[in-house]
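Following: one structure in structure tokens, then a few remarks.
The values are calculated or read from the model by the stated rules, or taken from the named source; none is laboratory data. If you're wondering where the values come from, they're calculated on a predicted model, not measured in any experiment. Virtual Cβ from ideal backbone geometry, glycine too; neighbours counted across all protein chains shown.
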Amino acid sequence: MAFRFASSTIVAASRGVSTNLAPRFLTPQARRAFSQSHTRQQGHAATAAPAPTKFTPFANSARLRDGRALYQDVWTIFNSANLPPECINLGQGYMNFPPPKWARAAAVDALDVTEGNHYAPARGRPRLRKAVKEFYGTQFGKELDPEKEIMISSGANQGLHAAWAAFLCPGDEVIMFEPFFDLYLPAIAFNGGKPVYVPLHPSEEPVPGRNVGKQSWSIDFDELRRAITPRTKMIVLNSPHNPLGKVFSRAELEAIAQLVREHDLMVISDEVYESLVFDGLEHVRFATLPGMWERTITVGSAGKLFAATGWRVGWLVGPQALIDPALAASTRIVFCANTPMQEAAAAALEQARERRFFENQLEEYAQRRAVLMDAFEKLGMEYAWPEGSYFILLNISRVRWPEDYKFPDSLNGRADDFKAAWFIANHIGVSCIPVSEFYCDEHMHIGANYARFSFCKDVDTLRTAAERLQKLRWHLS
Ligand SMILES: Cc1ncc(COP(=O)(O)O)c(C=O)c1O
């Protein structure tokens, strides 16, 4: 098979891509550093040397700007420190419950062994790689080889970064569906890639027994086809999806696989929410579709599986030809993921089946999901049916606030979802995340109608939030 994953020639095409930031989105420090760096570069030869100062700030690399890393991001604006203390945080996707006791015990045990406190092999602790292999069994259509087809990373994020560092050549185009998990963009930009955005489209589909229309989100395949150019290197998939809660159907993934084959592309399949697929739906592993194993790196996360996001343990799964380069990059980035938490993740995976952990966890999440969905049903507000993950996307376009309502300056220049989310947090007492953040500037208007609510909280907290949210009815058009 003649793949061209390593090819690269730079083209200047900028079709449909919009990663430039309006200066108003930059933090004041970032804006200063950029105007200084810009002036210094432009004036380099022509202008007289500046008067000596004690210290001149160094110019930032452009990749910070291109990757929106200097952006005053939504997490900072909606940080709990900026919100009323009693506000319930359904914005950030962190759990307010610990990993199971037996998983925590495994972490303590790992620290008690001398070896557990030292470097791990760069590819990952053998015990964890074996546990990952056994966790997946034959789900990839074959048994995985832990010596060649699994690499442990410091959380899924670092695995993704390593994969992009390994395969992106300057100017390579990377297709992402919008809304997208916001850390993709900086990681792709830092590694020389050029994001190309294909928005998913909300469509009304009534769900039996529900009063409010289900909103599903679908791919416009003509749009996707048009986004592919000779410079396209890869497509990033995320199913179950953050923030939509969408689980991509087999038919959708097969149609994507068809394009991948036609255009000789590579795929990063982010499946970190693999254990949270509701309603008996099928989680299709993209790598199992015909011809896709050789082209796909699948990404997993112990943090998402075990409510242990602070452990920072994740992994990449794929053919040796894709894992070895990612491992080479990962070795130079972090050398290895932290040892004790790898041991703990291994022990947790080893025990999970016998304890029916994932089955029980899914039931608990289904109850949590029901609390929020019922609250939105009662309010008559449209939401995307969460088929997977722990996010619900709510249509907040009907939320109204008093004309003289005072918003902070950090919201200046932001789409209306920022205002709605701010109003809901401050006036109703429940925080959520405005979704325009997960779009490029050009498509931001689509996201501006939505806010993301996380249900990775205990049921009591969610019930209190649901009660508070009923007050929203007085603020709907
Ligand atoms: C879609 C998606 N991918 C990757 C990650 C990162 O996972 P980890 O915490 O294992 O780095 C997240 C975390 O929120 C996510 O939502």
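Quick look at the numbers
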{"read-out": "Of residues in segment 431-450 being in contact with a Leu (Cβ under 6 Å, 6 or more places away or on another chain) and part of a strand (DSSP E or B), the one nearest to Phe181 (Cα to Cα)", "value": "Tyr450"}
{"read-out": "Matching residues in segment 309-323 - criterion: being surrounded by fewer than 24 Cβ atoms within 10 Å (Cβ to Cβ) and either near the ligand (Cβ under 9 Å from one of its atoms) or without any contact (Cβ under 8 Å) to a residue 12 or more places away in the chain (or both)", "value": "Thr309, Gly310, Arg312"}
{"read-out": "Residue among Arg295, Arg332, Arg261, Arg250 that is crowded, with 23+ Cβ neighbours inside 10 Å and more than 16 Å from the ligand (Cβ to nearest atom)", "value": "Arg295"}
{"read-out": "Filter result for Gly300 (in the same structural domain as Ser203 (by TED's automatic domain parsing), more than 23 Å from the chain's Cα centre (by Cα) and under 28 Å from Gly245 (Cβ atoms))", "value": "no"}
{"read-out": "Out of Glu382, Glu467, Glu377, sole residue that is over 25 Å from the mean Cα position of the chain (by Cα), at pLDDT below 95 and over 26 Å from Asp270 (Cα atoms)", "value": "Glu377"}
{"read-out": "Residue match in segment 394-412 (condition: over 23 Å from the mean Cα position of the chain (by Cα) and part of a strand (DSSP E or B))", "value": "yes"}
{"read-out": "Wholly enclosed helices (runs of 4 or more DSSP H) of segment 56-165 bearing at least 3 residues away from the ligand (no atom under 16 Å from the Cβ), loosely packed, with under 15 Cβ neighbours inside 10 Å and not hydroxyl-bearing (Ser, Thr, Tyr)", "value": "101-111"}
{"read-out": "Qualifying residue in segment 395-407 (condition: in contact (Cβ under 8 Å) with a residue 40 or more places away in the chain and among the basic types (Lys, Arg))", "value": "yes"}
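Here's the yes/no breakdown for (1) of a type outside the set (A, V, I, L, M, F, W, C); (2) within 17 Å of the chain's Cα centre (by Cα); (3) in the same structural domain as Leu316 (by TED's automatic domain parsing):
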{"site": "Ala189", "(1), (2), (3)": "no, yes, yes"}
{"site": "Val198", "(1), (2), (3)": "no, yes, yes"}
{"site": "Leu237", "(1), (2), (3)": "no, yes, yes"}
{"site": "Leu259", "(1), (2), (3)": "no, no, yes"}
{"site": "His263", "(1), (2), (3)": "yes, no, yes"}
{"site": "Val267", "(1), (2), (3)": "no, yes, yes"}
{"site": "Tyr273", "(1), (2), (3)": "yes, yes, yes"}
